[in-house]
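S.K.: First the structure, then my questions, so here it is.
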Amino acid sequence: MFRKLIWTGMILTILLWTSGCGIPPVPIDLIKPPSLQKNTELNQHSTTIISLLPDGSRVLIPERGIADSGVLFSDVDGDGIDEAVVVYEESIFHERILKAALLKQLDEEWRIIWNAEGFGYGIDYMGVTDVNSDGIQDLLLGWSFGAGGNGMDIYGWINDTLQLLDTKEYDDEWK
């Protein structure tokens, strides 16, 4: 009888071990980046731009603004040709760093020409508008601070690069 219980236990253990229940994936493994829109030239450019980011980077999609794919195309330097702005999260030694990059197409090839570190937990808003009325679009990046509100960085094209013009706090009720 004792021997029969041991054999039954061993068989059950082997069956459970070989067919067993898989460990369910952790939530972060289930989260996938949104797919880019299909059938557009912008989709092709977005894919190329995202591939230029550092390995292990994750493109951040703003909650508000005009960058549904995570890549914003607009003429930021006033030359009549659209540049690309992308906000991404880079992991360095288990530390999350938010970054924004401006890419320009030079000789038919996209290149990063400017980048800056962001603040907070993520990107709330990404857009362009002529804030200082100089005829050139200014870049607006709204960083999410969680319950602490949000902060807007306003960048303008000065001396062939983007420079921080102003920083403002805003809440969720802005229009």
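The values are calculated or read from the model by the stated rules, or taken from the named source; none is laboratory data. Just so we're clear, the structure is a prediction, and the values are computed from it rather than from any experiment. Cβ placement follows ideal geometry from the backbone for every residue including glycine, while neighbour counts extend to all protein chains displayed. Please note that ligands, DNA and RNA were not included when accessible areas were found on the heavy atoms of the full protein model with its side chains. Shrake-Rupley method; radii C 1.70, N 1.55, O 1.52, S 1.80 Å.
S.K.: With Gly78, Gly148, Gly120 as the choices, which residue is at pLDDT below 85 and exposed (fewer than 13 other Cβ atoms within 10 Å of the Cβ)?
M.R.: Step by step, each of Gly78, Gly148, Gly120 is checked, and only Gly148 is at pLDDT below 85 and exposed (fewer than 13 other Cβ atoms within 10 Å of the Cβ).
S.K.: Looking only at segment 140-157, count every residue that is out of contact with any Ser or Thr (no Cβ under 8 Å at 6 or more places or on another chain) and within 17 Å of Ser74 (Cβ to Cβ) and tell me the total.
M.R.: Count: 5.
S.K.: Residues of segment 94-117 being over 14 Å from Val76 (Cβ atoms), open to solvent by less than 70 Å² (accessible area, probe 1.4 Å) and of a type in the set (Lys, Arg), which ones?
M.R.: The answer is Lys99, and nothing else.
S.K.: Additional query: Can you name the number of the only condition in (1) modelled with pLDDT of 85 or more; (2) surrounded by 12 or more Cβ atoms within 10 Å (Cβ to Cβ) that Thr47 fails?
M.R.: (1)
S.K.: Filtering segment 81-93 down to residues that are of a type outside the set (A, V, I, L, M) and open to solvent by less than 20 Å² (accessible area, probe 1.4 Å), which residue is farthest from the chain's Cα centre (by Cα)?
M.R.: That would be Glu83.
S.K.: I'd like the residue in segment 124-135 that is of a type in the set (A, V, I, L, M, F, W, C) and open to solvent by 10 Å² or more (accessible area, probe 1.4 Å) and, out of all such residues, is farthest from Leu98 (Cα to Cα).
M.R.: Only one residue tops the list, namely Val131.
S.K.: Also, I was wondering about something else. Sort out which residues of segment 151-164 are crowded, with 16+ Cβ neighbours inside 10 Å and not small (Gly, Ala, Ser), and write them in order of number.
M.R.: Across segment 151-164, the qualifying residues are Met152, Asp153, Ile154, Tyr155, Trp157, Leu162.
S.K.: All but one of (1) open to solvent by less than 30 Å² (accessible area, probe 1.4 Å); (2) within 17 Å of Pro62 (Cα to Cα) hold for Asp171; state the number of the condition that does not hold.
M.R.: Exception for Asp171: condition (1).
S.K.: Of the residues Gly80, Gly120, Gly70, Gly56, only one is of a type in the set (Gly, Ala, Ser) and under 17 Å from Asn150 (Cβ atoms); which?
M.R.: Gly120 is the lone residue from the list that is of a type in the set (Gly, Ala, Ser) and under 17 Å from Asn150 (Cβ atoms).
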